[in-house]
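Read-outs: derived from the displayed coordinates by stated rules, not from any lab. Here the structure is a predicted model, which is why all the values come from computation and not from measurement. Glycine also receives a Cβ, built like all others from the backbone with ideal geometry; neighbour counts cover every protein chain displayed.
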Amino acid sequence: MKPITDNNTCRDGSRPYRIFVINPGATSTKLALYENDRAVWMSGAHHSAADLVRFHRSTEQYEYRMDFIRRRMQADGIAVGFDAVIGRGGLLSPLPGGVYRVDEKMKRDLLTAEMDHVCNLGALLADELAQECGCPAFIADPVVVDEMQTVARYTGIPGMMRKSVFHALNSKAMARQYASKAGQRYEDISVIVAHMGGGISVSAHRRGMVIDVNNALDGEGPFSTERAGTLPAGQLVDLCFSGKYTMKQIKKMIHGHGGLMAYTGTNDMITIARRAEDGDEPCRTVLDAMLYTVAKQIGAMHVALHGEEKAVIVTGGIAYSDYCMKRLKAQIDFLAPVVVMPGENEINSLAYNALCVLTGRIEPKDYSEMCRTGR
Ligand SMILES: Nc1ncnc2c1ncn2[C@@H]1O[C@H](COP(=O)(O)OP(=O)(O)OP(=O)(O)O)[C@@H](O)[C@H]1O
Ligand SMILES: CCCC(=O)O
């Protein structure tokens, strides 16, 4: 994170800003307390499948996650007294990137969101803690950031438009970090970012705007450790009408039990890569196939950017895998320099965004107003 050197204390200059960060993930909750740009407390845990199996929709996990947060805070003596609370943004209406104040409409929209993902809880959890201490709650660069160019929105069926749903927060943060290290502004360059986590999104960033990206949640693009990616439409239709599966079962094949999980029985890339390296031929072939779909998607974004990208950034948990990175790079390094930035920077960038609001460097956007006027 870029260090803050000016105007980074409370308005009266007496103490640093206290920013509480909540990042609910599919199988984890990550928490942090920042004083200005410094993390003074970090906590979090993996939630086991056994713990989560009783919940049908992610929003049903609200009490469970809030209880987890309070227990972690209590255990480490973190009192509720903050200048801002910021959470990961959820599946709202499509929005331009930026920081948004949590408001009543946002909360209602998250509770009734068509698409289900636990990131829908970020704003709701943040709001409860913020209300308790009378500070503002925010989200930043939610997964629905939509800056797609018009031609990227079309499908071959009128009325069926593509949606921009991707790892916006981390992808933009990594692209900014790359630009800053190269002595440039994110707003002045083009880059491709491949986020390889539980889902995989490959986004084309042109001068600060993501002009095209695969919908990582809804059957588009590469297949991933647990998602099916783009499927042959005709065969999918046949499967849906075969009478063998319920809608819920088909959705599970696409999202959750698809991809490498369906072929290998695990969604853990560490295990899968080890098996491939140890000579498990079927495992190696399907992993190669997944990496091939990622490489092809990167090629597509290269075209979207007219080949003007300064780099292809590869990020997310899978970017830690030397095995995967070596095999991916070999397929794409003729396009542009490949920069591997493993892991994710979500907690850090959420805190940074909140600090920018508190210090007046970012004007938070009004979600309700944005929905009403489209601006
Ligand atoms: N050191 C590592 N080597 C190889 N793979 C790793 C390593 N660490 C994590 N992974 C893999 O990364 C994947 C998870 O990545 P990440 O934590 O970015 O995803 P997530 O937060 O669960 O989902 P998403 O990023 O889609 O929201 C898992 O398949 C995990 O096995
Ligand atoms: C769409 C971004 C979140 C995910 O893939 O899990």
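Rounded to whole Å, the principal axis extents of the Cα atoms in the chain read 62, 48, 48, largest first. Modelled label positions at D280 and L239, each set 7 Å beyond Cα in the direction of Cβ, lie 2.2 nm from each other. Measure nothing fancy, just the Cα-based angle from helix 346-358's long axis to the longest principal axis of the chain, in degrees from 0 to 90, nearest 10. Around 40 degrees separate the two axes. Mean-square fluctuation check for the chain, GNM, Cα pairs under 10 Å: which of R72, R227, R54 is largest? So, out of R72, R227, R54, the one fluctuating most is R54. Cα centroid distance between the stretch 254-320 and the stretch 330-364, in Å? Distance between centres, Cα-based: 21 Å. Between helix 122-133 and the chain there is an angle of about 10 degrees, using the helix long axis and the longest principal axis of the Cα atoms. Karplus-derived 3J(HN,Hα) values for the stretch 55-61, using 6.51 cos²θ - 1.76 cosθ + 1.60 with θ = phi - 60°, are 8, 8, 10, 4, 5, 5, 7 Hz; glycine and proline are entered as x.
Once C-alpha pairs closer than 8 Å and six or more residues apart are averaged by separation and normalised to the residue number of the stretch 168-342, the relative contact order reads 24 percent.
Applying 1/(1 + (r/R0)^6) with R0 = 35 Å to the Cβ-Cβ distance of Q184 and E363, what FRET efficiency is obtained, to the nearest 0.05?
Numbers: r = 24 Å, r/R0 = 0.67.
The pair Q184/E363 has a calculated efficiency of 0.90.
On full extension, the segment bounded by H46 and A289 gains 84.6 nm, given 0.36 nm per residue less the C-alpha separation. If the segment from V303 to T373 were pulled out straight at 0.36 nm per residue, it would be longer than the present Cα-Cα gap by 22.0 nm.
For the stretch 168-342, lysine pairs separated by 8 or more sequence positions, or belonging to different chains, with Cα-Cα distances below 15 Å total 5. Determine, from the Cβ-Cβ distance of R153 and H257 and an R0 of 22 Å, the FRET efficiency 1/(1 + (r/R0)^6), rounded to the nearest 0.05. The value I calculate is 0.15. Here the label points at R54 and T27, each 7 Å from Cα along the C-beta direction, are separated by 2.1 nm in the simple model. Relative to the longest principal axis of the Cα atoms of the chain, the long axis of helix 168-181 makes an angle of roughly 80 degrees.
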